[in-house]
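**Student:** Here it is, the structure in full.
The values are calculated or read from the model by the stated rules, or taken from the named source; none is laboratory data. Quick caveat: nothing in here was measured; it's all calculated off a predicted structure. So basically every Cβ, Gly included, is an ideal-geometry build from the backbone, and we count neighbours across all protein chains shown. In case anyone asks, the SASA skips ligands and DNA or RNA and just uses the protein heavy atoms, side chains included. Shrake-Rupley method; radii C 1.70, N 1.55, O 1.52, S 1.80 Å.
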Amino acid sequence: MYERKTMPNLNCGLDLIGEVLYGKWKIRLLWFINEGHKRPSELQRKIPDASRRVLNIQLNELEEHQLVVKKIYPVVPPKVEYTLTEFGESLIPVIGALGQWGDKNQERLKALIVKKFNDFPNL
């Protein structure tokens, strides 16, 4: 697994939020956990394009950043659930605002993304 060798720039809020939320699936994981999908298998079904390994790595990073807490139940087979911390819950309005912006600009954003792939078909 990749290990960062230099300290990231942490001089402003945008750098900090980028460091904490950088990862293809982290925002969606937080959103789905907030909606009540707490088990890893439920999250995998909600994000079928992501591998189980990548989801586990990103869930662990969210846990390290104190945005989610992992509870392991002492049963056989083991049962694991994730819940948002109060700190993680404070991000939900921000994620909601980003989603609304994306919905509002959906056609424009789709056109730009499709154009990029048409201009560079080997991407």
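**Student:** Towards the positive end of the charge dipole of the chain, with charges on Cβ (+1 Lys, Arg; -1 Asp, Glu), say which of Leu112, Phe87, Leu98 has the farthest Cα.
**Tutor:** So the residue we want is Leu112.
**Student:** Would you mind counting up the charge near Arg45? Only other residues with Cβ under 13 Å from its Cβ, with Lys and Arg at +1 and Asp and Glu at -1.
**Tutor:** +2
**Student:** Please find, in a Gaussian network model of the chain (springs between Cα atoms separated by less than 10 Å), the residue of Pro48, Pro74, Pro93 whose mean-square fluctuation is greatest.
**Tutor:** Greatest mean-square fluctuation among the candidates belongs to Pro74.
**Student:** Any idea which of Phe32, Leu43, Leu16 is furthest toward the positive side of the dipole for segment 1-44, if Lys and Arg beta-carbons carry +1 and Asp and Glu beta-carbons -1?
**Tutor:** Value: Leu43.
**Student:** Let me ask another. Under a crude label model (7 Å from the Cα following the beta-carbon direction), how far is Val20 from Trp101 in nanometres?
**Tutor:** So the label points at Val20 and Trp101 sit 1.6 nm apart.
**Student:** With a cut-off of 12 Å, note down the residues of segment 1-41 whose backbone N falls inside the zone around a label point 7 Å from the Cα of Glu81 toward its beta carbon.
**Tutor:** Output list for this probe position: 36-40.
**Student:** Quick one: dipole size for the chain, taken about the Cα centre, charges +1 on Lys/Arg Cβ and -1 on Asp/Glu Cβ, in debye to the nearest 20.
**Tutor:** Around 460 debye, computed over the chain.
**Student:** Still on this structure, I have one more. If I take all pairs of Cα atoms in the chain, what percentage of them are more than 16 Å from each other?
**Tutor:** 70
**Student:** Go ahead and estimate [θ] at 222 nm for the chain from helices alone: -39,500 (n - 2.57) per DSSP H run with n ≥ 4, summed, over the residue count, rounded to 500. Walk me through the numbers on the way to the answer.
**Tutor:** Details: 7 runs with 69 residues, N = 123.
Theoretical 222 nm ellipticity from helices: -16500 deg cm²/dmol.
**Student:** Using 0.36 nm per residue of separation minus the Cα-Cα distance, give me the extension gain between Arg108 and Ser41 in nm, one decimal.
**Tutor:** 20.8 nm
**Student:** Now for a different question. At a 1.4 Å probe radius, carbon and sulfur cover how many percent of the accessible area of the chain? Can you show the working numbers first?
**Tutor:** Working: 5340 of 9320 Å².
The C+S portion of the solvent-accessible surface of the chain is 57 percent.
**Student:** Now for a separate question. Taking the solvent-accessible surface of protein heavy atoms with a 1.4 Å probe, what is the per residue accessible area of the chain in Å²?
**Tutor:** Here the residues of the chain average 76 Å² of exposed surface.
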